[in-house]
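The block underneath contains the structure these notes are about, expressed in structure tokens.
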Amino acid sequence: MVELEDEAIAKAGDYENYRLHQGPRIAHILNPRLGVSSNHVLSATVIAPDAMTADALATATYVMGVENSKRLLDDLPHVEGIWIDRRGHLTYTRGIRNRIEVTGR
């Protein structure tokens with residue numbers, strides 16, 4: 001759980017919208033450099049000052065992978081992120097740990 005005030009939250013991932021094709025999981029979000037589904041994380045969640053920024057960054061960081069995404073978001077003011085990898089491990093930006101409560105685990 002997270003409380004927001006004058007902020008927006010967006011989530012991108014392949015946990016709902018995907019197809020299985022000859023074994024691999026094909027998600028609806030593609031890596032634009034490679035033209036294939038990203039397989040770095042299950043989901044990326046971003047809190048930002050507005051919905052458009054949160055949505056764009058959630059999609060971008062879903063494709064970028066955790067370490068590159070953390071570096072990007074740590075340099076942006078008033079932006080935080082959470083990623084869930086394929087093993088279910090959560091990774092956070094440094095400023096979000098005190099703002100969230102993880103439940104149901």
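The values are calculated or read from the model by the stated rules, or taken from the named source; none is laboratory data. As the structure is a prediction and not an experimental result, all values here were calculated from the model. Here Cβ is always computed from backbone atoms with ideal geometry, including for glycine, and neighbour counts include all displayed protein chains.
Is it the case that some residue within the range 76-83 is farther than 19 Å from Leu4 by Cβ and under 15 Å from the mean Cα position of the chain (by Cα)? Outline the logic, then answer.
Kept after step one, since they are farther than 19 Å from Leu4 by Cβ, are these residues of the range 76-83: none.
Checking the range 76-83: not a single residue is farther than 19 Å from Leu4 by Cβ and under 15 Å from the mean Cα position of the chain (by Cα).
Residue selection: Asp55 fails the criterion of being over 13 Å from the mean Cα position of the chain (by Cα), touching a residue at least 40 places away in the same chain (Cβ under 8 Å) and closer than 17 Å to Ile9 by Cβ. Say whether the condition of being in contact with a Ser or Thr (Cβ under 7 Å, 6 or more places away or on another chain), among the hydrophobic types (A, V, I, L, M, F, W, C), touching a residue at least 40 places away in the same chain (Cβ under 8 Å) and under 20 Å from Asp50 (Cα atoms) is met by at least one residue in the range 61-76. Checked against the condition, which is being in contact with a Ser or Thr (Cβ under 7 Å, 6 or more places away or on another chain), among the hydrophobic types (A, V, I, L, M, F, W, C), touching a residue at least 40 places away in the same chain (Cβ under 8 Å) and under 20 Å from Asp50 (Cα atoms), the range 61-76 yields no hits at all. Of everything in the range 1-22, what is modelled with pLDDT of 75 or more, over 12 Å from Ala51 (Cβ atoms) and among the aliphatic types (A, V, I, L, M)? Give them in sequence order. Correct list: Met1, Val2, Ala12.
Only residues that are over 14 Å from Tyr92 (Cα atoms) and assigned to a helix (DSSP H, G or I) were counted in the range 48-78, giving 11.
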